[in-house]
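Remarks on the structure that follows.
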Amino acid sequence: MAARHFLTLDDMTASELDSLVNHASKLRTEWREGKVRDSLKNRVLSMIFEKSSTRTRVSFEAGMAQLGGSAMFLSPRDTQLGRGEPIEDSAIVISSMVDAVMIRTFAHETVERFAQASRVPVINALTDDFHPCQLLADMQTYREHRGSIKGATVAWIGDGNNMCHSYMNAAAQFGFHLNVACPEGYEPDPALMDKHSSRVTLYREPAEAARNANVLVTDVWASMGQEEEQKAREQAFKRFQINRELMQLADKDALFMHCLPAHRGEEISHDMMEHPGSVVWDEAENRLHAQKALLEFLILGTLD
Ligand code: CP
Ligand code: NVA
């Protein structure tokens, strides 16, 4: 049977995602109670990082260890990937030795090509276009704090980037409406906007997008690989900050989310991380639980 991959949220059905998020919460409870779980005993995850990471690396590596397996960190600097060995050749070799592969890279096409040639599940741990693992954690976090997100309104304030694209996919899969507020020239991918036109509304004013929303969410103004655009982006995005004033326009029980790392004073005001609606630390911790659920689903094919 062909391996199941997780390159975007569209690789799962809505009902699989629903079960996965519930399973993640169960794993969180069990882990906090100190229960030992060895569902992935002797299994190995390869982790290929072509970009930096704190949360993704720690959560996948700790997650595999906590389930009785192990994870190996591979960087292009120390492997033949960095010396031009074709993606497909690398995929055939690596996937002949391990049980799953996680990749963080630039072009989304790289994970697609790797997956095409891989015998084992491939997980997208962030590309220039999508960051689906973060959405699993965000959806788990919302559900743990507020129940089902179906019918809710989420306001994305900022860049139409990889995180925004994954929120657009999530809007369709989890059944919420997404308001996107971004400056001209920084819109999400037009093809994705067309695909999700019934679920996504574009605004030019952060206040309009935020009004009565159940979640306000943002991300850095310059993503990894865009460091040289930092100054220009600071100018373009300066009105697109989540702060207390913007939170006041949202629903009174609105949550504030951010995938982190955050740039205080840019996309969020200095006090947002401590705002009563902020759930950013739960989002970060839930990367661990959501990805443990994902690894079990992809490697074992079940969620028990
Ligand atoms: N949110 C997230 O993916 O963080 P890292 O870049 O630290 O992995
Ligand atoms: N949009 C950010 C997310 C980091 C987790 C980036 O790609 O750098």
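The values are calculated or read from the model by the stated rules, or taken from the named source; none is laboratory data. Keep in mind that what you see is a predicted model, and the values were worked out from it rather than measured. Backbone-built Cβ (ideal geometry, glycine too); neighbour counts: all protein chains shown. These accessible areas exclude ligands, DNA and RNA; they are computed on the full protein's heavy atoms, side chains included. Shrake-Rupley method; radii C 1.70, N 1.55, O 1.52, S 1.80 Å.
The table for this structure:
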item	result
Of residues in region 204-219 being aliphatic (A, V, I, L, M) and out of contact with any Lys or Arg (no Cβ under 9 Å at 6 or more places or on another chain), the one nearest to ligand 1 (Cβ to nearest atom)	Val217
Test: residue in region 29-36 that is within 25 Å of Glu285 (Cα to Cα), in contact with a Pro (Cβ under 9 Å, 6 or more places away or on another chain), touching a residue at least 40 places away in the same chain (Cβ under 8 Å) and open to solvent by 30 Å² or more (accessible area, probe 1.4 Å)	no
Count - residues of region 223-253 that are within 16 Å of ligand 2 (Cβ to nearest atom), free of Cβ contacts under 8 Å to residues at least 40 places away in the same chain and either part of a helix (DSSP H, G or I) or among the small types (Gly, Ala, Ser) (or both)	5
Flag for Val93 being part of a helix (DSSP H, G or I), open to solvent by 30 Å² or more (accessible area, probe 1.4 Å) and either away from ligand 1 (no atom under 16 Å from the Cβ) or not charged (D, E, K, R) (or both)	yes
Only one of Asp99, Asp78 that is among the acidic types (Asp, Glu), modelled with pLDDT of 95 or more and open to solvent by 10 Å² or more (accessible area, probe 1.4 Å)	Asp99
Subset tally (residues that are closer than 19 Å to Val93 by Cα and within 12 Å of ligand 1 (Cβ to nearest atom)) for region 121-135	1
Close pairs from region 4-19: first open to solvent by 20 Å² or more (accessible area, probe 1.4 Å), partner basic (Lys, Arg) and assigned to a loop (DSSP other than H, G, I, E, B), Cβ under 9 Å, at least 6 apart	Asp11/Arg4
Residues being open to solvent by 50 Å² or more (accessible area, probe 1.4 Å), among the acidic types (Asp, Glu) and under 21 Å from the mean Cα position of the chain (by Cα) - total across region 186-233	3
Residue check for Phe73: outside any helix (DSSP H, G or I), closer than 23 Å to Glu267 by Cα and open to solvent by 10 Å² or more (accessible area, probe 1.4 Å)	no
Boolean, Leu300 is open to solvent by 50 Å² or more (accessible area, probe 1.4 Å), free of Cβ contacts under 8 Å to residues at least 60 places away in the same chain and of a type outside the set (D, E, K, R)	no
Among the candidates Val98, Val93, residue that is farther than 23 Å from Pro261 by Cβ, touching a residue at least 12 places away in the same chain (Cβ under 8 Å) and more than 16 Å from ligand 2 (Cβ to nearest atom)	Val98
